[in-house]
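The values are calculated or read from the model by the stated rules, or taken from the named source; none is laboratory data. Bear in mind that the values here come from a model prediction, so they are computed numbers and not experimental data. Positions of Cβ are generated from backbone atoms using ideal geometry, with glycine treated the same way; all protein chains shown enter the neighbour counts.
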Amino acid sequence: MLLNTEKILPYKASPTAAVVTLGCKVNQYESEAISERLSALGFELLPSDAPEGADVVIVNTCAVTAEAERKCRNIIRRAARHAGAVIVCGCLSQSVPETVASLGGVACVIGNVSKLRAADEALDIVKNGAPESPRILVSPNDIASAGTVEEMSVSSSPRTRAYVKICDGCDGRCAYCLIPSMRGHVRSRRTDDIIKEVGALAGNGICEVVLTGIETASFGRDTGESLPSLIRAVSRVSGIARIRLGSLEPTVITDEFLRAAADIPALVPHYHLSLQSGCTRVLNAMRRKYSAERAMEKLEALRAAIPGVMFTTDIIVGFPGETEEDFLETLEFVRKAKFLKLHVFPFSPRRGTAAENMPCQVPENVKHERSARLIGEGERIRNEVVKEYIAQNPTDTVLFEADTNGMHSGHTANYIEVKTPLAGVSPGTLHTVRFTCVKDGTAYGDVVS
């Protein structure tokens, strides 16, 4: 398919580019690294939510669900209508590169092992024009042969907290998931490189970092290091007040991890657990590595070790074979766990996974009905949990992140969302707030210092 090369502006001193990101925290980190690379090459960056008119738009894609894939396709098509050229990278590119290349306006398709190449391809396009047909720079062997993590880093962040990728890939073989085929096996970054990156972020005013990976808990599995040892090293970086972790499986909560969680003040009392179900029968069918009972034991161990700890989680509803009784077990688990927030996903069959052709597929209307019930219960629990917390803790420290609709907004260390009237504080700063009320799971209060 020919590209509309007439929309490509001739090379100029400050060409424009925008990076649009879908999906996980790892994707967001990688997009920020691409953006820094574009800036270093002389590009002026346009906002990701307003990329219209950019010489090049880079779309960093997700393919974890059918809905994510649909959104990616729509964004690619929209970018092609309003930008000079489109470069697509990420999981959708890795899984179906030819399909991505067939979308109108796509100049280049890049997978998951060389994402920084997107910036260099963008520079080539503005210098030499778009190719007559899309360049496909993806090979199935890329993932199979990936031995290390692509070298990239960030020195600043558009947010008040910064993501830092500590590892890539996943060695799990969950029945519903394509990620191992799109990201490869676990590869960890060197601790020295991570610490250098965190130091640069701290030097640029970032006081909270989120250590993340496709399977965060697997950091060091290939190098002999451990996640607790990395957390301790990061906690010694001057200027870092908070360390937050990306998604964790319950199995990572070992005695060593509990000691680190209790002993490192900078490690925040908030954990996002990749639970997926609160029913042991469904977890077994998903090929998860734990039972519901074991997961609850881990939650209770963290609660015993860390005062005020909060949990968020992911839940898939309507997995093949999930009965109403199974769903009710998950619902009861959620009530007992008292999650601060739920991310609920109706099961989405993905090509090439074991779950795609499992018997007893749950009807779409049942999946969406269960999803709505679980979301509603999650909102009720969240409101209850936050009310209980502020009743016991009338003040807390908040990292302010944005000013919207006449309010400051931010989060406590344990990830309670807080809003206060405008009081002259700046995003990226920590202040004590005295709480006054809770509405829809958000705490409101006044800045007192």
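Tallying residues that are of a type in the set (S, T, N, Q) and under 18 Å from the mean Cα position of the chain (by Cα) within segment 173-194 yields 1. Here is a check on your reading of the model: is residue 354 in contact with a strand residue (DSSP E or B) (Cβ under 8 Å, 6 or more places away or on another chain), among the small types (Gly, Ala, Ser), over 17 Å from residue 67 (Cα atoms) and in the same structural domain as residue 275 (by TED's automatic domain parsing)? Taking the combined requirement at face value, the residue does not satisfy it.
The strands (runs of 3 or more DSSP E) found entirely in segment 383-429 that carry 2 or more residues being among the β-branched types (Val, Ile, Thr) are 395-404, 417-421. Can residue 318 be described as in contact with a Pro (Cβ under 6 Å, 6 or more places away or on another chain), on the phi > 0 side of the Ramachandran plot and of a type in the set (Gly, Ala, Ser)? Here the answer is yes, as residue 318 does meet what is asked. Screening segment 185-209 for residues that are in contact (Cβ under 8 Å) with a residue 60 or more places away in the chain and surrounded by fewer than 19 Cβ atoms within 10 Å (Cβ to Cβ) and picking the one that is nearest to residue 268 (Cα to Cα) gives 207.
One residue is enough: does segment 336-343 have a residue meeting the conditions in contact with an Asp or Glu (Cβ under 7 Å, 6 or more places away or on another chain) and free of Cβ contacts under 8 Å to residues at least 40 places away in the same chain? The answer is yes, given that some residue of segment 336-343 is in contact with an Asp or Glu (Cβ under 7 Å, 6 or more places away or on another chain) and free of Cβ contacts under 8 Å to residues at least 40 places away in the same chain. Restricting 55, 49 to residues that are acidic (Asp, Glu) and touching a strand residue (DSSP E or B) at 6+ places or on another chain (Cβ under 7 Å) narrows the list to 55.
Within the bounds of segment 389-406, is there any residue that is surrounded by 15 or more Cβ atoms within 10 Å (Cβ to Cβ), under 17 Å from residue 346 (Cβ atoms) and in contact with a strand residue (DSSP E or B) (Cβ under 6 Å, 6 or more places away or on another chain)? No, the conditions are met nowhere in segment 389-406. Residue 446 satisfies every condition listed in (1) loosely packed, with under 15 Cβ neighbours inside 10 Å; (2) at pLDDT below 95 except (2). Among the residues of segment 258-296, those identified as under 14 Å from residue 226 (Cβ atoms) and over 22 Å from the mean Cα position of the chain (by Cα) are 258, 259, 260, 264.
Scanning segment 407-425 for residues that are aromatic (Phe, Trp, Tyr) and farther than 17 Å from residue 437 by Cα gives no hits.
When the test is whether a residue is crowded, with 16+ Cβ neighbours inside 10 Å and closer than 22 Å to residue 65 by Cα, residue 140 does not pass it. When segment 242-277 is filtered for residues that are in contact with a strand residue (DSSP E or B) (Cβ under 9 Å, 6 or more places away or on another chain), among the hydroxyl-bearing types (Ser, Thr, Tyr) and either surrounded by fewer than 21 Cβ atoms within 10 Å (Cβ to Cβ) or not in a loop (DSSP other than H, G, I, E, B) (or both), the ones remaining, listed by number, are 271, 274.
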